[in-house]
Amino acid sequence: MLDSFFNAFSEAVSFPADQLRCLSALILAYPLAFAFWLLPNNNPTIKHIVSVAASFFLFAVILDDMVGLTHLLGSSIAVWRIMGTVKGKWGPRIVFIGVMLHMSVSHLIRQLNDYRGYKLDHTGPQMILTMKLTSWAFSVYDGRRNPKELSRYQTEHAITNFPSLLHYLSYVFFFPGVLVGPSFEYMDYMRFIELSQFRDPKTGKVHWPAGRIFASLKSFMFSLISLASLAIVAPKIDCLWTMEPAFKALPWVLRFIYVQFSALGARFKYYAVWKMAEGACVLAGFGYNGPDPKTGEPRWDATSNVDIWAYETGESIKDLADSWNKGTNMWLKHSVYFRVLAPGAKPSALQTFATFAVSAFWHGFYPGYYLMFISSAMALTAGKILRRHLRPRYVSATSSKTPRWYNFVGMLLTQLTINYMSMSFLILTFKDSVELWKDLFFVPHIGIIAVIVLVPIMLPLKRKSRKEQEKQDAKPEVEKVKEAVHLVADEAVEAAVESTTEVLSNAKGEKVKTS
């Protein structure tokens, strides 16, 4: 549908038709969201119907993707049936395996048929759907368990009454976030539909907190600024130009600078669509996050998928991980990490590996993705080691803070490193990614390895006594080398587990009793 319109529009603005369709759907979600907010508060059924109908309209008419809609709808109904039939712990397990396999097949088909093509299809919405379906299945399972076995988070999101198909599809196909997210929990959505958090307990009247329109417009305007920046910068900075002889002929400094701007520009694509979807969610009334602890002002950031300022000024890879794709981080934490954690057990490398493996498969199977994931894990480990050995030497005894120059250097190194590593995520192929890193002499990789290997030896945590030092000096050189190797290996493994655990575990330290 609307082929002639979008084809003519595409030629007029020199912009791909599929991306125009997606952008049009995201923009059209705003008037739909405002109309949704105006629906009667005392009849949630109408809201459920409109939510589903709006998404079907966007897919069928604007995107003209009935194949994609069939994939999403078919898997959603299958999951609903499975959880309605399988009552025990195998229900969510079957769902998790099934939807992950379905999504993986979609990823592979796209990769085989259009390896480096950027034509939009249903795999993007299917990634969002996978998070929703698996988290919903676990919440249904939690609703059937003994409440004493649940964590606070699981208790808050447990589904005790199995929903009707309409209520379920309303959650799955909530139109402002159906294309690019964010992902969220079913019970959070139902509390929004029923407006329980906004109702006066005595009168039953709905009182909307201030700031909704402003928060929505702020997200929308930032999205437009990001899109305008992309329109200006994108033609001049292309990550694939790094494979051209002209790029290779540049001096090393210019090559490195080009990579920095190329990676930064690529992030604005995510900022644009995530903020666009966030603004539509907020306009519909979904996204209230309580009053700000410091100012008391209402916050409308519960559906925010990225903290842009925190990401662009992050002083460590962990800071970046906490600020980027937050919906996916929450899903990995509560639907993967805590689900494979044995009752009463402490986090270990097994939970970390399982979670990162799921994260990798969720993204797809391009070699460039895995190069970045492995490099990021190395950078996380190096950051943990640096923080452990270097930071105590610069922390102020009075304020317990580090100097500004120390923070600035940390931010600069972090940004330079992530921009360098993320190029493999954009280039996709193994050969071209490694070739680019080779053109940059693997400088960040060498720095990461140097930190992991040398810092534990050169900046030891504890000073040895004179007797211990004399005993150490008396040892043969071979014995000293062996001890140094063991020290580095133990430190690297410990730092790797600790750093990834910090990223994945609950920020408030909430204990999960069982999985």
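When 129, 58 are checked against the criterion of being out of contact with any strand residue (DSSP E or B) (no Cβ under 9 Å at 6 or more places or on another chain), surrounded by 19 or more Cβ atoms within 10 Å (Cβ to Cβ) and farther than 25 Å from residue 161 by Cα, a single residue qualifies: 58.
Results for (1) assigned to a helix (DSSP H, G or I); (2) under 26 Å from the mean Cα position of the chain (by Cα); (3) within 15 Å of residue 375 (Cα to Cα); (4) among the basic types (Lys, Arg), shown as yes or no for each residue.
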site	(1), (2), (3), (4)
407	yes, yes, no, no
416	yes, yes, yes, no
432	yes, yes, no, no
438	yes, no, yes, yes
455	yes, no, no, no
461	no, no, no, no
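Between 51, 75, 106, 55, which is in contact with a helix residue (DSSP H, G or I) (Cβ under 9 Å, 6 or more places away or on another chain) and either at pLDDT below 95 or in a loop (DSSP other than H, G, I, E, B) (or both)?
Details: 51 fails: either at pLDDT below 95 or in a loop (DSSP other than H, G, I, E, B) (or both); 75 fails: either at pLDDT below 95 or in a loop (DSSP other than H, G, I, E, B) (or both); 55 fails: either at pLDDT below 95 or in a loop (DSSP other than H, G, I, E, B) (or both).
So the residue among 51, 75, 106, 55 that is in contact with a helix residue (DSSP H, G or I) (Cβ under 9 Å, 6 or more places away or on another chain) and either at pLDDT below 95 or in a loop (DSSP other than H, G, I, E, B) (or both) is 106.
Total residues in the range 158-172 satisfying the condition of being among the β-branched types (Val, Ile, Thr) and not in a helix (DSSP H, G or I): the figure is 2.
Annotation note: Cβ proximity below 6 Å between a residue of the range 186-207 that is under 22 Å from residue 160 (Cα atoms) and surrounded by 10 or more Cβ atoms within 10 Å (Cβ to Cβ) and a residue that is of a type in the set (Gly, Ala, Ser) and modelled with pLDDT of 85 or more (sequence gap 6+ or interchain) occurs for 186/139.
Does residue 155 satisfy being of a type in the set (S, T, N, Q), under 24 Å from the mean Cα position of the chain (by Cα) and surrounded by 17 or more Cβ atoms within 10 Å (Cβ to Cβ)? Full working, then the answer.
Details: of a type in the set (S, T, N, Q): yes; under 24 Å from the mean Cα position of the chain (by Cα): yes; surrounded by 17 or more Cβ atoms within 10 Å (Cβ to Cβ): no.
Answer is no for this residue.
Sort through 32, 38 and tell me the only one that's farther than 24 Å from residue 359 by Cβ, more than 21 Å from the chain's Cα centre (by Cα) and surrounded by 14 or more Cβ atoms within 10 Å (Cβ to Cβ). Before the answer, list the steps.
Details: 38 fails: surrounded by 14 or more Cβ atoms within 10 Å (Cβ to Cβ).
Step by step, each of 32, 38 is checked, and only 32 is farther than 24 Å from residue 359 by Cβ, more than 21 Å from the chain's Cα centre (by Cα) and surrounded by 14 or more Cβ atoms within 10 Å (Cβ to Cβ).
The numbered conditions (1) surrounded by 13 or more Cβ atoms within 10 Å (Cβ to Cβ); (2) more than 30 Å from residue 42 (Cβ to Cβ); (3) among the charged types (D, E, K, R) are all true for residue 294 except (1).
Let me confirm something: among 261, 256, 247, 222, which residue is of a type in the set (Phe, Trp, Tyr), at pLDDT 90 or above and more than 28 Å from residue 429 (Cβ to Cβ)?
On inspection, the qualifying residue turns out to be 222.
Listed by first and then second residue, the pairs linking a residue in the range 11-33 that is on the phi < 0 side of the Ramachandran plot to a residue that is acidic (Asp, Glu) and not in a helix (DSSP H, G or I), with Cβ atoms under 9 Å apart and 6 or more places separating them unless they lie on different chains, are 18/121; 21/64; 21/65. Residue 412 falls short on exactly one of the conditions (1) within 30 Å of residue 92 (Cβ to Cβ); (2) at pLDDT 90 or above; (3) over 21 Å from the mean Cα position of the chain (by Cα), and that condition is (1). Among the residues of the range 424-442, those identified as in contact with a Phe, Trp or Tyr (Cβ under 8 Å, 6 or more places away or on another chain) and closer than 17 Å to residue 263 by Cβ are 424, 425, 428, 429, 437, 439, 440.
Restricting the range 176-228 to residues that are assigned to a helix (DSSP H, G or I) and of a type in the set (Asp, Glu) leaves a set whose member that is farthest from residue 270 (Cα to Cα) is 194.
The values are calculated or read from the model by the stated rules, or taken from the named source; none is laboratory data. Quick caveat, the model's predicted, so the values are computed rather than measured. Glycine gets a Cβ as well: all are built from the backbone with ideal geometry, and neighbour counts include every protein chain shown.
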